[in-house]
1. VAL8: accessible area at probe 1.4 Å, nearest 10 Å²?
2. With every protein chain in place, what's the accessible area of LYS65 (1.4 Å probe, Å², nearest 10)?
3. Say R0 is 30 Å: what FRET efficiency, to the nearest 0.05, do HIS89 and PHE145 get from their beta-carbon distance?
4. How high is the FRET efficiency between LYS44 and ILE74 when r is their beta carbon distance and R₀ equals 35 Å, given to the nearest 0.05?
Amino acid sequence: MWDVSAHVGQLVTILIMAVALGLDAFSLGIGIGMKGIRLRDVLKISTVTALFHVIMPFAGMYMGKYVSSLLGNITNYAAGGLLVLLGGHMILNAFREGETKLVDHRSLLGILLFSLSVSVDSFSVGVSLGMFSSDLVLTILAFGFCGGLMSIMGLLLGRRVSQNLGDYGEAVGGAILLAFGLLFIF
């Protein structure tokens, strides 16, 4: 019985983290969608984003397993600290003032930059989850699915809503990661 509840708890944690990381793609997708986007471009951007949300945590988890073998008993604190820093950074970025120049989202470079920028956080979280020996296949599939789905939702919703919602989406994602980091530490 205990083993089943531990597995369910790990599944819920991974899904919540996947959604939190997908909020980055969602919020930036809203901004791109507001500039006008074709459905074909939505599909291309979301597919590459989903692929990056698989590759980045995969690499991160292997890095985390290596770091875990080096750190030993302080792994929980290191992984929790990493999530706290990442969550705090996401919250600060959500409310940072200033205009940023966007690359053409329809070009290959624009698609790759968008996908990489919203997937970098997945690498860091992958490092933390690798330290905890999280289920590799479940993690990368959940991150990829949520990253792609949230990207589609943000791009399509961006055609219809104001830009302010995007800032709050990234802030909520950061708060979730920060909370999980604090739970790992304490």
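1. Only protein atoms counted, so the area is about 80 Å².
2. 80
3. Step by step, r from the Cβ atoms, then E = 0.80.
4. The calculated FRET efficiency here is 0.25.
The values are calculated or read from the model by the stated rules, or taken from the named source; none is laboratory data. Because the structure is a prediction, the values reported are computed rather than measured. In this analysis, Cβ positions are derived from the backbone assuming ideal geometry, glycine residues included, and neighbour counts consider all displayed protein chains. Keep in mind that these areas ignore ligands, DNA and RNA; they rest on the heavy atoms of the full protein, side chains included. Shrake-Rupley method; radii C 1.70, N 1.55, O 1.52, S 1.80 Å.
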